[in-house]
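The values are calculated or read from the model by the stated rules, or taken from the named source; none is laboratory data. This is a predicted model, so every value here is computed, not measured. Positions of Cβ are backbone-derived with ideal geometry, glycine not excepted, and every protein chain shown enters the neighbour counts.
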């Protein structure tokens, strides 16, 4: 087949395809809503949620995964378009998370007696936390990768990692509604461990599934 | 042939995205010499047949990913990024490492075709792997120059069905090529 023949065939194919930014938010929100509905329906929202949200440490716990997910979403959408750089602002959004977690940990260190630090870090639900955060992330990650396959990332592994961060962050923010471990010594470590595990899995899957 | 490197490329692809087949063909024909020039200057030693296969692979990739261009941005940075990525990728799949710099696009002269790969080309081999109907449609429109309405009448399918089969066929073609070479 000559190149000119191929061009003729391609130009007759005018079927439009949705861009990533049209497919990704719907996929993530829909799957996250379903996963959250099943999880919270089964496990329940923490009973003291309203009063707990008066505590700045709980606010950080609830918001940092959301911020991670938003920053990752922004960056991964940009990366799906060849020739457009990841906006510095998206990286700045992501960078606020370690800073916020650091301040939260310093604050906790000041109010919590030193003997209690170890207990706060170990917690009572780290296995539960890791299990549920990772499990809820998986369907979201699958949906994100499906949506991202229509993009054209020049760095498939990095895009996959961002998809993992997006999925892990979304799942952790749902899990936080149930979890009553409010010490940053706990959530900065165990939430983050779950989110980063999904990020690594996303990189692995992305390097295969997001090639084109 | 319209010149490459002015705003008309943007206009052509914009019109193409509105379903204008002629503008889309113009766009693809306008960028082909540029893609060919890059492929030849990077992989001269491989022979023009293989380079032409790489040109076709790159054009198919541009076709599959054309919706990733944002219409409010100039088309050239987007186009160059895809061409660079796919040309490097295509040579790597054939066991050759090449570098393509963005500067190359300004310096490389557009190359005209002087080979006419037909049966021996990858495209022909890959079309053989499509299902019968898609292969017939791709051939009818590409090789015989039939239009979608003509094919739909000849094959007793609706125009929509022809377009869907063509779309799927080309998508599969783009996917298969990558895998069959590796």
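Here are the numbers for this structure:
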item	result
Complete set of residues in region B:1-50 that are modelled with pLDDT under 85, over 18 Å from residue B:79 (Cβ atoms) and in contact with a helix residue (DSSP H, G or I) (Cβ under 6 Å, 6 or more places away or on another chain)	B:43
Extreme residue, modelled with the lowest pLDDT, among residues of region B:142-159 that are farther than 20 Å from residue B:57 by Cα and within 8 Å of chain A (Cβ to nearest Cβ)	B:145
Elements of type helices (runs of 4 or more DSSP H) contained in region A:8-112, each with 3 or more residues being touching a strand residue (DSSP E or B) at 6+ places or on another chain (Cβ under 8 Å)	none
Verdict on residue A:81 being surrounded by 14 or more Cβ atoms within 10 Å (Cβ to Cβ) and within 14 Å of another protein chain (Cβ to nearest Cβ)	yes
Lone unmet requirement of (1) at the interface with chain A (Cβ under 9 Å from one of its Cβ atoms); (2) at pLDDT 85 or above; (3) under 25 Å from residue A:152 (Cα atoms) for residue B:139	(3)
Set A:37, A:64: member being surrounded by fewer than 16 Cβ atoms within 10 Å (Cβ to Cβ) and at negative phi	A:37
